[in-house]
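The values are calculated or read from the model by the stated rules, or taken from the named source; none is laboratory data. On a predicted model such as this, the values are computed, not experimentally measured, just so you know. FYI the Cβ positions are ideal-geometry reconstructions off the backbone, even for glycines, and counts take in every protein chain you see. Just the protein is used for accessible areas: all its heavy atoms, side chains included, with ligands, DNA and RNA removed. Shrake-Rupley method; radii C 1.70, N 1.55, O 1.52, S 1.80 Å.
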Amino acid sequence: MKNYYEVIAKCGHVGKRNYVPIKFAVKTESGKEAAAIVRQYPRVKHHHKDAILSVKKIDYGRYSEIREANKNDPYLKCHSRHEQELIEGLKFRLETDLHGEKQAIDEKARRNRVVFKMKKLKSVAKSLMKEYNYYYDYSC
């Protein structure tokens with residue numbers, strides 16, 4: 001059974017650190033499938049893990065509204081950077097994308113994680129050695 005979904009995605013071609021959130025209406029069997037379909041649409045930031053902002057089930061009336069709004073959206077109709085610059089109010093629709101920014105690294109916390117993982121790895125290796133009881137045969 002097909003359902004209607006509203007998928008909000010990050011759309012690009014507005015600068016590396018910016019995006020335009022666009023609502024897309026999709027008719028599919030599941031929300032996961034709807035997200036996968038929208039990820040492949042033109043202008044969506046395909047290579048970002050967080051390109052899909054939200055997915056929610058909607059009724060046919062809302063589905064029709066979103067489709068009509070997208071048909072009249074000048075951002076989705078433009079074919080070049082020049083046409084895009086002529087769109088009024090596009091700068092107000094932009095949101096900052098934190099995807100490319102480096103996260104601050106807490107060196108102490110990282111060191112503690114590494115020490116913990118090394119201890120765990122050593123204990124697993126020690127238990128495996130006891131379990132298999134390796135014996136060497138020097139009779140050759």
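By the scheme Lys and Arg +1, Asp and Glu -1, what is the net charge of all other residues having a beta-carbon under 15 Å from that of TYR5? That sum, taken over residues with Cβ under 15 Å, equals +4. Take the Cα radius of gyration of the chain and divide it by 2.2 N^0.38 Å, N being the number of residues; the result is 1.77.
Where does the longest stretch of the chain lie that holds no chymotrypsin sites (Phe, Trp or Tyr not before Pro) found in a DSSP loop with 13 or fewer other Cβ atoms within 10 Å? Value returned for the longest uninterrupted segment is 1-133. Projecting the Cα positions of TYR63, LEU94, SER127 onto the charge dipole of the chain (unit charges on Cβ atoms of Lys, Arg, Asp and Glu, taken about the Cα centre) puts SER127 furthest along the positive direction.
Summary: within the chain, the longest segment free of trypsin sites (Lys or Arg not before Pro) located in DSSP loops with at most 13 other C-beta atoms within 10 Å is 50-101.
The residues of the chain expose on average 80 square angstrom of accessible surface per residue, using a 1.4 Å probe on protein heavy atoms. Subtracting the Cα-Cα distance of ARG39 and HIS79 from 0.36 nm times their residue separation leaves 12.5 nm of extension gain. Sequence-ordered 3J(HN,Hα) estimates for the stretch 56-73 from the Karplus curve with 6.51, -1.76 and 1.60 and θ = phi - 60° stand at 8, 6, 9, 9, 5, x, 5, 4, 5, 4, 5, 4, 5, 5, 5, 5, 9, 7 Hz, glycine and proline given as x.
Using 1/(1 + (r/R0)^6) with R0 = 35 angstrom and r between the beta carbons of ARG62 and ALA104, what's the FRET efficiency to the nearest 0.05? Efficiency for this residue pair is about 0.30. Simple point charges give the picture: +1 on the Cβ of Lys and Arg, -1 on the Cβ of Asp and Glu, and for the chain a dipole about the Cα centre of about 660 debye.
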